[in-house]
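**Q** Please see the structure below; I have some questions.
Laboratory data are not the source of any read-out in this text; all were calculated from the coordinates shown. Model, not experiment: these values are computed from the prediction. Methodologically, a virtual Cβ is constructed for each residue, glycine included, from the backbone with ideal geometry; neighbour enumeration extends over all protein chains shown.
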Amino acid sequence: MTTPQQDMNPLQRLIQNRLRDRGWSYGAVARRGGLPRSTVYTLATTRNLVRPPRPATIDALAKGLDVPVSVVRSAAAESTGLHYYDEAPAGQQGSGDRERDLLIASIDELSPDDRRHVAALVESLRNRASSSLARHSIGQLAGTPSCSASSS
């Protein structure tokens, strides 16, 4: 048997937990963040979000809930099936690479068939890169210059 908390999406859980922990109402959160009460209520009670709230709504909700924007952004994205990565993985600098960020953010929007195509493309590109690296390394081991004949 599932509990009401388990039936909620991450954004609902975040809002409901803050309301309970702070003793706030939807109206109080709305006033603190400068949002309509109906917006806070809708986000707190809608189980299946079709798309994340607008960035301005996320910012205002974070202010109203008194939590970092990244917490609300992540919960909102996850509630729609997306995964938002606010920080680079441990040991890596933030990429600042819009194409990388787009790929990560949109992978869950692809159909399973399209994901397989993207995965095959990525694997072929990685294989091409690793075979080029292997040719270069073998050339160095043999004491000869790298003889990469790749024309790409």
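**Q** Residue by residue through segment 60-75, what is 3J(HN,Hα) from phi via Karplus (6.51 cos²θ - 1.76 cosθ + 1.60, θ = phi - 60°)? Round to whole Hz and write x for glycine and proline.
**A** 5, 5, 4, 4, x, 8, 6, 9, x, 4, 4, 5, 5, 4, 5, 5
**Q** Given the Cα-Cα distance of Asp113 and Ala129 and 0.36 nm per residue of separation, how much length would full extension add, in nm? Before the final figure, lay out each step's value.
**A** Values: separation 16, 0.36 × 16 = 5.76 nm, distance 2.46 nm.
Gain in length upon complete extension: 3.3 nm.
**Q** Where in segment 1-81 are there trypsin sites (Lys or Arg not before Pro) that are in a DSSP coil and have at most 15 other Cβ atoms within 10 angstrom of their Cβ?
**A** Sparse-neighbourhood loop trypsin sites (Lys or Arg not before Pro): Arg47.
**Q** Still on this structure: Going by how many other beta carbons lie within 10 Å of each one, how would you line up Ser111, Ser70, fewest first?
**A** Ser111, Ser70
**Q** Also, quick follow-up: What is the order of Asp59, Asp114, fewest Cβ neighbours within 10 Å to most?
**A** With the sparsest Cβ surroundings first, the list reads Asp114, Asp59.
**Q** Cα-Cα pairs above 15 Å in segment 10-87: how many percent?
**A** The answer is 48 percent, as a whole percent.
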